[in-house]
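Visitor: Please find one structure pasted underneath; my questions will follow.
The values are calculated or read from the model by the stated rules, or taken from the named source; none is laboratory data. These figures come from a predicted structure and were not determined experimentally. Cβ: placed from backbone, ideal geometry, glycine included. Neighbour counts: every protein chain shown. To get the accessible areas, we keep the full protein, side chains included, count just its heavy atoms, and leave off ligands, DNA and RNA. Shrake-Rupley method; radii C 1.70, N 1.55, O 1.52, S 1.80 Å.
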Amino acid sequence: MKKLYIETVGCQMNILDSELVVASLRNRGYALADRPRKADVILFNTCSVREHAEEKIYSALGRLKHLKRQHPGKILGVIGCMAQNHQQQVFQRAPYVDLVVGPGQLQQIPDLLEKIAASGTPQMEVSLDRQQGARETIEQSFESYDPLRMPEMRPSRYQAFVRIQIGCDKFCTYCIVPKVRGPEQGRHPKQIFAEAQQLADEGCREVTLLGQTVNSYQFKEGGKTTRLSDLLCMLSEIPGIDRLKFVTNYPRDMGDDLLQAVGSLPKCAHYLHVPAQSGSNPILQRMKRGYTVEDYQEMLQRIRQEIPTAAVTSDFIVGFCGETEEDFELTCELVRDSQFKNSFIFKYSQRPGTKGAEKFSDDVPEQVKKDRNNRLLAIQNSISEKANQQKIGRQYEILVEGPSKSSRKQNQTGDQLQLTGRTMGDDIVVFQGNRRQVGQLLHVTIYEANAFTLFGEVKTEHVGPEIYSISP
Ligand code: 5AD
Ligand code: SF4
């Protein structure tokens, strides 16, 4: 039996892609190996959003150079966004790599591996560049690749990602995604429904719908347009699926139909990830985000009105081209005012091939980026901590995901152990429980909290002795 080692970096899309690649290779007789040394095929599923992520892959490849020299029969592959972004460059920087496959060509991996094994020649399959033809031709060169699933590859078999959209058409000036993941295309609602149904049949209870701008989802057929709100209604009907989530949202496409669906469908998590990226209008304009800070705040207000319990999270980029101290202060103000449940903060990383790299200079010094990152993080952490403190004493329903980080570290084997679960608002709750409870929906009461985690105890119904009063 052949052995496969796969390492994944990046977003949820990549985690899902890796699950699908492993499932397709399992069908060809591969088993998973837990380290490169034990594997016949070593794959890196890569990310190009920041330079750091790409450099880490080149370092990891460098560390395998010796192993490959000792065992030339091992196949070394780079797949995903960096493969599409760098193409031949991967072979130039790491000449011992055998395989380069972009995210729109992953379905070819099993055949390409056979070709390499038979011929010994390196193989590359990538999709067309966005300027390389008519939209339809480029669309066809990015294939969606979804039906094969593999619960063992997921953090728990009770949760799964379902892709509803590939690619992105927004072309924010800092972002490489529209280049490496191609044009935005919605999947057919029937396929999405069938996949969720199949997952439910396999015992999955929570489905997270994925798209780069998931709320821009549209599928047009026979004069009818299906939107994300329609999908949520359809998927709510599937028995066994208890929770529906979706990421990532684009602020301008946060329609009232979607907010109403989330507010009224009991299975929808009250959790919305809607990246703002900056709190300064000149920066948002340079980023070509298509909205102003005021538009964003108006959208937040609509969310809070329609779904008062909504937990909203955001992404921010600090140190974008030309960002002044005043621009940054405006971002801090937006974070303070918005009361996000959490914010993911990134230092701007210039990406060759984007409009931002072409038009603007990456002129904020690294030390300033670092400093702004830390300051914004401190503001957000203090907000998150205060919000979490208020949850002490309250009761939440959680879906139990599995052993907590510390249980896993200690390799706990008994039935009684620390478990982790998530609330409908995407809060992580750690509690003392029993292995049997994994995959169950439980009620926990919170007794302690920090900025990132809630600590709870399971509410057990106390059944006291019944007292009968017997009339004399
Ligand atoms: N530099 C830094 N952060 C980036 N992101 C996207 N492109 C870049 C870049 N070039 C961030 C955005 C996005 C998140 C997934 O990554 O905040 O929402
Ligand atoms: Fe990148 Fe903007 Fe598309 Fe998000 S919406 S994937 S940030 S281009």
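Visitor: Find the centroid of the Cα atoms in the range 170-187 and in the range 224-263, then give the distance between the two in whole Å.
Guide: Their Cα centres are 21 Å away from one another.
Visitor: For the range 395-469, what does the convex hull of the Cα positions come to per residue, in cubic angstrom?
Guide: 113
Visitor: Which Rg and Dmax, in Å, describe the Cα atoms of the range 149-389?
Guide: Answer for the range 149-389, Rg first and Dmax second: 18.8, 55 Å.
Visitor: Treating only the Cβ of Lys, Arg, Asp and Glu as charged (+1, +1, -1, -1), what charge dipole size does the chain show about its Cα centre? Round to the nearest 20 debye.
Guide: Value, rounded to 20: 1480 debye.
Visitor: What is the gain in length, in nm to one decimal, between Lys2 and Glu294 on full extension, counting 0.36 nm per residue of separation less the C-alpha to C-alpha distance?
Guide: Stretched out fully, the Lys2 to Glu294 stretch lengthens by 99.5 nm.
Visitor: Let me ask you something else. Quick one: grab the alpha carbon gyration tensor of the range 365-422, order the square roots of its eigenvalues as a ≥ b ≥ c, and give me rounded if a/c is under 1.5, else prolate or oblate depending on whether a/b is larger than b/c.
Guide: It comes out oblate by the Cα gyration axes.
Visitor: Oh, and also: Of Ala60, Leu231, Gln367, whose Cα points farthest to the positive end of the dipole of the chain (charges on the beta-carbon: +1 Lys, Arg; -1 Asp, Glu; origin at the Cα centre)?
Guide: The listed residue farthest towards the positive side: Ala60.
Visitor: Work out from phi, with θ = phi - 60° and the Karplus expression 6.51 cos²θ - 1.76 cosθ + 1.60, the ³J(HN,Hα) of each residue of the range 41-49, listed in order in whole Hz, and give x for Gly and Pro.
Guide: 3J(HN,Hα) across the range 41-49, in whole Hz: 10, 10, 10, 10, 8, 10, 10, 10, 4.
Visitor: Under 8 Å for C-alpha pairs, at least 6 residues apart: give me the relative contact order for the range 395-469, rounded to a whole percent.
Guide: 31
Visitor: Students often get this wrong: which residues of the range 407-451 have the backbone nitrogen under 19 Å from the point 7 angstrom along Cα-to-C-beta of Ser236?
Guide: Only 424-426 pass the distance filter.
Visitor: If you count only protein heavy atoms with a 1.4 Å probe, what accessible area per residue comes out for the chain, rounded to a whole Å²?
Guide: 47
Visitor: Residue separation times 0.36 nm, minus the C-alpha to C-alpha distance between Lys405 and Leu148: what's the value?
Guide: Here the segment from Lys405 to Leu148 would lengthen by 89.7 nm.
Visitor: Please tell me the relative contact order of the range 2-139 in percent, rounded to the nearest whole number, where contacts are Cα pairs under 8 Å and at least six residues apart.
Guide: So the answer I get is 21 percent.
Visitor: Let me ask something additional. Restricting to the chain, what percent of DSSP beta bridges are antiparallel, rounded to 5?
Guide: Roughly 40 percent of the DSSP beta bridges within the chain come out antiparallel.
Visitor: Here's another thing I want to ask about it. No partner Cβ under 4.7 angstrom, meaning no disulfide-compatible partner by this rule: which Cys of the chain qualify?
Guide: Among the cysteines of the chain, those whose Cβ sits 4.7 Å or more from every other are Cys11, Cys47, Cys81, Cys168, Cys204, Cys233, Cys268, Cys321, Cys332.
Visitor: Report the relative contact order of the chain, percent, no decimals, based on alpha-carbon pairs under 8 angstrom and at least 6 residues apart.
Guide: Relative contact order for the chain comes out at 9 percent.
Visitor: Here's another thing I want to ask about it. Using +1 at the C-beta of Lys and Arg and -1 at the C-beta of Asp and Glu, which of Thr121, Phe44, Thr208 has the Cα lying farthest in the positive direction of the dipole of the chain?
Guide: Thr121
Visitor: OK, next. Over the C-alpha atoms of the chain, what are the Rg and the largest Cα-to-Cα span, Dmax, in Å?
Guide: Rg and Dmax of the chain, Cα atoms, are 23.8, 97 Å.
Visitor: Return one quarter of the surface area of the convex hull spanned by the alpha-carbon atoms of the range 104-158, equal to its mean projected area, in nm².
Guide: 5.9
Visitor: Quick query: amide H of Ile345 versus all other amide H atoms, modeled in the peptide plane; which residues come in under 5 Å with a sequence gap of 5 or more or a different chain?
Guide: Phe316
Visitor: Testing the spin-label approximation: label points 7 Å from Cα along Cα→Cβ at Ala117 and Glu457. State their distance in nm.
Guide: 5.5
Visitor: Could you please state how large a percent of the accessible area of the range 2-139 is carbon and sulfur, counting protein chains only and using a 1.4 Å probe?
Guide: 47
Visitor: Once every DSSP H run of n ≥ 4 in the chain is given -39500 (n - 2.57) and the sum is divided by its residues, what mean residue ellipticity at 222 nm do you get, rounded to the nearest 500 deg cm²/dmol?
Guide: Helices in the chain give a 222 nm mean residue ellipticity of -11000 deg cm²/dmol.
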